[in-house]
1. Could we say that Ala37 is under 30 Å from Ala157 (Cα atoms) and among the hydrophobic types (A, V, I, L, M, F, W, C) here?
2. Do we have Ala76 as more than 14 Å from Val99 (Cβ to Cβ) and buried (at least 17 other Cβ atoms within 10 Å of the Cβ) here?
3. Are any of the residues in the range 254-261 within 30 Å of Leu190 (Cα to Cα), crowded, with 21+ Cβ neighbours inside 10 Å and among the hydrophobic types (A, V, I, L, M, F, W, C)?
4. In this structure, is Leu90 assigned to a loop (DSSP other than H, G, I, E, B) and surrounded by fewer than 21 Cβ atoms within 10 Å (Cβ to Cβ)?
5. What number of residues within the range 100-119 are in a helix (DSSP H, G or I), modelled with pLDDT of 95 or more and touching a strand residue (DSSP E or B) at 6+ places or on another chain (Cβ under 9 Å)?
6. Any idea which residue in the range 44-73 is surrounded by the most Cβ atoms within 10 Å (Cβ to Cβ), counting only those that are among the polar types (S, T, N, Q) and closer than 23 Å to Ala108 by Cα?
7. Hey, can you tell me all the residues within the range 25-34 that are crowded, with 24+ Cβ neighbours inside 10 Å and aliphatic (A, V, I, L, M)?
8. For the range 18-36, give me each residue that is out of contact with any strand residue (DSSP E or B) (no Cβ under 7 Å at 6 or more places or on another chain) and farther than 20 Å from Tyr131 by Cα.
Amino acid sequence: MPLVSTSSIVDAAREARVGAAAFNVIHLETAEALVSAAERAETPLILQISENCIRYHGALLPLTRATLALAEASTARVSVHLDHLTDAALVREGVDAGVSSVMVDASALPYEENVAATAELTAWCHDRGVYVEAELGEVGGKDGAHAPGTRTDPDEALAFVRATGVDALAVAVGSSHAMRERTTVLDKELIAALRAKLPVPLVLHGSSGVPDEELRRAIAAGMTKINISTHLVSVFTGSIRETLGREPELVDSRKYVRPAREAVAREAARLLGILGAKAEIPGQYAPQAPACG
């Protein structure tokens, strides 16, 4: 199937009031597992490659091109997105390589500098038909620098979206990056307030620490794009530990990576079913129409 755009996946999910899954690629094996999961679940998927991942591999192009090739060859609707890019040169290189969306992360800068940097890169991306996500309220735990209690202010978020022209906004509503236990309770009232205030889709970072039903409640409240990385990385690593613990004599990495790849594919397919299901959860957090267009 030809590559699809991240915007088409996110916009369709927002319209249907379901989650648009965005799972992080760490290496080729996880990319293969995630594409397999999308095919099994028959659900669209956004494959994300972070700046940290690019730095690990030493360059953007090899893994990005391989991921694009896997997405294009898949029978599922798969897009490729670059996540948490702080380097403008990587934004431009990724767009030239063929990704359909990027997250411009200037959130470490003072507010006015964040706005200026994000607006400039957003305009450049829009000239090339590329969808842009950005971050305003700090997401707890990012690089150990953000307080978990941080929350996005709806009025400030609206001003930021208007000033930058971004297409989606990552918001701080109680989640935290790199969590290994799925115990987080999100601020659904704030999610609903942000959904009512903003004309763009909301993005939940740090979703690995959020239980299944809480994710569904967040979607019901108005969250759209759901980013998950650490949880699936833990599944991969846990499988390798289990295989090597059972067969410590193994030396051929394919013999312990293959079951790890399969374990990620199974769990990712299960999560796709959770996020892509209609979140018909009763309560006061039903999504509302945006206050402005």
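The values are calculated or read from the model by the stated rules, or taken from the named source; none is laboratory data. Computed from a prediction, not measured in an experiment: that's the story for all the values here. Every residue, glycine as well, gets a Cβ built from its backbone with ideal geometry; the counts of neighbours run over all protein chains shown.
1. No; evaluated as a whole, the condition is false for this residue.
2. So Ala76 passes the test.
3. No, every residue in the range 254-261 fails to be within 30 Å of Leu190 (Cα to Cα), crowded, with 21+ Cβ neighbours inside 10 Å and among the hydrophobic types (A, V, I, L, M, F, W, C).
4. no
5. 2
6. Per the stated criteria, the residue is Gln48.
7. Val25, Ala31, Ala33, Leu34
8. Within the range 18-36, Ile26, His27, Leu28, Glu29, Thr30, Glu32, Ala33, Ser36 meet the criteria.
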